[in-house]
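Asks: What follows is a structure written as structure tokens; I'll ask about it next.
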């Protein structure tokens, strides 16, 4: 069986889903994206290569509501792949990414409880 994420995607996700400044990010909040400030793409989301790859494979989708920052969110397939990856001990450190395991839990619908 092939790996759910490429090495570049995995490294990107580790950086973006790791605790930053003492704050544990939530998967359900997605990954906030920067926007182009000028040129033909002004105001549109800037997609890092890893996000482009994840969107192309249907693992993530970009949500862009007027008046808010664009966000890359996991699709149902993406959430399943992330859960699968979290079960492997070598991809995401058990202690370092415990917040993700806690949020996602074993049930596919758990990530959206309380929304």
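The values are calculated or read from the model by the stated rules, or taken from the named source; none is laboratory data. Just so it is clear, the model here is predicted, and its values are computed rather than measured. Glycine gets a Cβ as well: all are built from the backbone with ideal geometry, and neighbour counts include every protein chain shown.
Asks: Could you list, in sequence order, all residues of the range 52-74 that are in contact with a helix residue (DSSP H, G or I) (Cβ under 9 Å, 6 or more places away or on another chain) and under 17 Å from residue 25 (Cα atoms)?
Replies: Hits for the range 52-74 are 60, 71, 72, 73, 74.
Residues are listed down the side, and each one gets a yes or a no for (1) in contact (Cβ under 8 Å) with a residue 40 or more places away in the chain; (2) more than 13 Å from the chain's Cα centre (by Cα); (3) surrounded by 12 or more Cβ atoms within 10 Å (Cβ to Cβ); (4) over 23 Å from residue 93 (Cβ atoms):
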| position | (1), (2), (3), (4) |
| --- | --- |
| 5 | yes, no, yes, no |
| 14 | yes, no, yes, no |
| 18 | yes, no, yes, no |
| 33 | no, no, yes, yes |
| 48 | no, no, yes, no |
| 61 | no, no, yes, yes |
| 69 | no, yes, yes, yes |
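Asks: Please pick out the residue among 105, 114, 43, 78 that is in contact with a strand residue (DSSP E or B) (Cβ under 9 Å, 6 or more places away or on another chain) and either more than 17 Å from residue 12 (Cα to Cα) or at pLDDT below 85 (or both).
Replies: From the options 105, 114, 43, 78, the qualifying one is 43.
Asks: Is one or more of the residues making up the range 46-57 at pLDDT below 90 and part of a loop (DSSP other than H, G, I, E, B)?
Replies: No.
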